[in-house]
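Here is the structure we will look at.
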Amino acid sequence: MNDCFICNKHVGNIETSGVMIYEDEYVYVGHIDRNGKPNYIGHIMIDLKRHVPTLAEMTVEEAKAFGVIMARVSKALKEAENAEHIYSLVSGNSVPHLHMHLVARYPNTPKEHWGPMEVYDWEDAPMGDNNDVIELCNRIKTYLENNQYE
């Protein structure tokens, strides 16, 4: 899959914003990369490591790993980052490699900016540079390491 952005990211051919939050044999978790544009702090990507296009092609083991890390990262965003809601979506329109967006919505976000992409349009949205993204990634990583999931 030489032309797949996500596959190339996983083998180190492409450098993205932030640092790895979590990785195991099935999934990779990091922050979204916006090609140098300011990032919405708390827009997390969960990538399936194996190159498959949609949720339907996951094995049972992959599905378990994907579901558990989705729940754990969502909980980390709520508890460590004070998010009041977590949006999740799988589109697959731009990159045919399974990945899920988790987008935190923070307190005081006006209702007209509720939604996984609408939060970007809020003038007071928590936007930041790569240093801010790295700090968030490290906080989420620390939360995951210190809080077992049951």
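The values are calculated or read from the model by the stated rules, or taken from the named source; none is laboratory data. Please read these numbers as outputs of a predicted model, since none were measured by experiment. Positions of Cβ are generated from backbone atoms using ideal geometry, with glycine treated the same way; all protein chains shown enter the neighbour counts. With ligands, DNA and RNA removed, areas are computed over all heavy atoms of the protein, side chains included. Shrake-Rupley method; radii C 1.70, N 1.55, O 1.52, S 1.80 Å.
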**Request:** Quickly run through segment 94-150 and pick out the residues that are in contact with a strand residue (DSSP E or B) (Cβ under 7 Å, 6 or more places away or on another chain) and among the hydroxyl-bearing types (S, T, Y).
**Result:** Y120
**Message:** If I134 meets every condition in (1) out of contact with any helix residue (DSSP H, G or I) (no Cβ under 6 Å at 6 or more places or on another chain); (2) farther than 20 Å from G12 by Cα; (3) not polar (S, T, N, Q) apart from one, which number is that one?
**Reply:** (2)
**Request:** Find the residue count for segment 95-106, including only residues that are β-branched (V, I, T) and open to solvent by 20 Å² or more (accessible area, probe 1.4 Å).
**Result:** 1
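State yes or no: is A76 out of contact with any strand residue (DSSP E or B) (no Cβ under 7 Å at 6 or more places or on another chain), in a helix (DSSP H, G or I) and of a type in the set (G, A, S)? Can you show your working first?
Values: out of contact with any strand residue (DSSP E or B) (no Cβ under 7 Å at 6 or more places or on another chain): yes; in a helix (DSSP H, G or I): yes; of a type in the set (G, A, S): yes.
For A76, the condition - out of contact with any strand residue (DSSP E or B) (no Cβ under 7 Å at 6 or more places or on another chain), in a helix (DSSP H, G or I) and of a type in the set (G, A, S) - is met.
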**Request:** Could you list all residues from segment 14-73 that are open to solvent by 40 Å² or more (accessible area, probe 1.4 Å), of a type in the set (V, I, T) and within 14 Å of M100 (Cβ to Cβ)?
**Result:** T54, V68
**Members of segment 21-55 that are at pLDDT 95 or above, in contact with a strand residue (DSSP E or B) (Cβ under 8 Å, 6 or more places away or on another chain) and outside any strand (DSSP E or B)** = I21, Y26, I41, G42, K49
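Within segment 51-68, identify whether any single residue is in contact with a helix residue (DSSP H, G or I) (Cβ under 6 Å, 6 or more places away or on another chain) and not small (G, A, S), and answer yes or no. Show your work before the answer.
Of the residues in segment 51-68, the ones in contact with a helix residue (DSSP H, G or I) (Cβ under 6 Å, 6 or more places away or on another chain) are 51.
Of the ones still in play, those that are also not small (G, A, S) are 51.
The answer is yes, given that some residue of segment 51-68 is in contact with a helix residue (DSSP H, G or I) (Cβ under 6 Å, 6 or more places away or on another chain) and not small (G, A, S).
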**Request:** Could you tell me which numbered condition G92 fails, if it satisfies all but one of (1) more than 26 Å from N146 (Cβ to Cβ); (2) open to solvent by 40 Å² or more (accessible area, probe 1.4 Å); (3) among the small types (G, A, S)?
**Result:** (2)
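Determine whether A80 is open to solvent by less than 30 Å² (accessible area, probe 1.4 Å) and not aromatic (F, W, Y). Lay out the reasoning, then the answer.
Working: open to solvent by less than 30 Å² (accessible area, probe 1.4 Å): no; not aromatic (F, W, Y): yes.
Against the criterion (open to solvent by less than 30 Å² (accessible area, probe 1.4 Å) and not aromatic (F, W, Y)), A80 does not qualify.
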